[in-house]
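Heads up: the structure comes next, in structure tokens.
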Amino acid sequence: MTLREKTIIGYLLHHNQKMFTGADDGGYAITLISRKIVVRALQGGQVFYGEQTPYAIPDNIWDVLVAHKDQFPYDPPKEKPEVHPWRVSWMAR
């Protein structure tokens, strides 16, 4: 995994958060989505806003990630508000 992917997983493990919302293109989590580590968590016919697409880590993958939590360190920022590591800033688009 890349450092960015490990940071995303580390953030989710740190916050014990299996689900999150993000841009419909996946943002920086796009490679995790491609490998099905993260999947879209939509129901048929569900309406959603493109910047608030729900994503989830499947239970079987979550269990493996929790077992290897030490490989995904996360150090929350101390001075500025914590940002979601999968979100791409509007300035970077």
(request) Would you kindly work out the equivalent ellipsoid of the chain from its C-alpha gyration tensor and give its semi-axes, the square roots of five times the eigenvalues, largest first in whole Å? (result) 21, 18, 12
(request) Would you list which lysines come within 20 Å of residue 18, measuring only between C-alpha atoms, while excluding same-chain residues fewer than 8 positions from it? (result) 6, 36, 69
(message) For the chain, set up a GNM with springs between Cα atoms under 10 Å and report which of 48, 20, 72 has the largest fluctuation.
(response) 48
(message) Only sites in a loop by DSSP and with at most 16 other Cβ atoms within 10 Å count here; which trypsin sites (Lys or Arg not before Pro) in region 17-59 make the cut?
(response) 35, 36
(request) Could you compute the FRET efficiency for residue 91 and residue 36, with r as their C-beta to C-beta distance and R0 at 25 Å, rounded to 0.05? (result) 0.25
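Bear in mind these aren't lab numbers, they're just calculated from the coordinates by the rules spelled out. Nothing here was measured: the structure is a model prediction, and the numbers come from that model. All Cβ positions, even for glycine, are placed from backbone atoms using ideal geometry, and neighbour counts span all protein chains on display.
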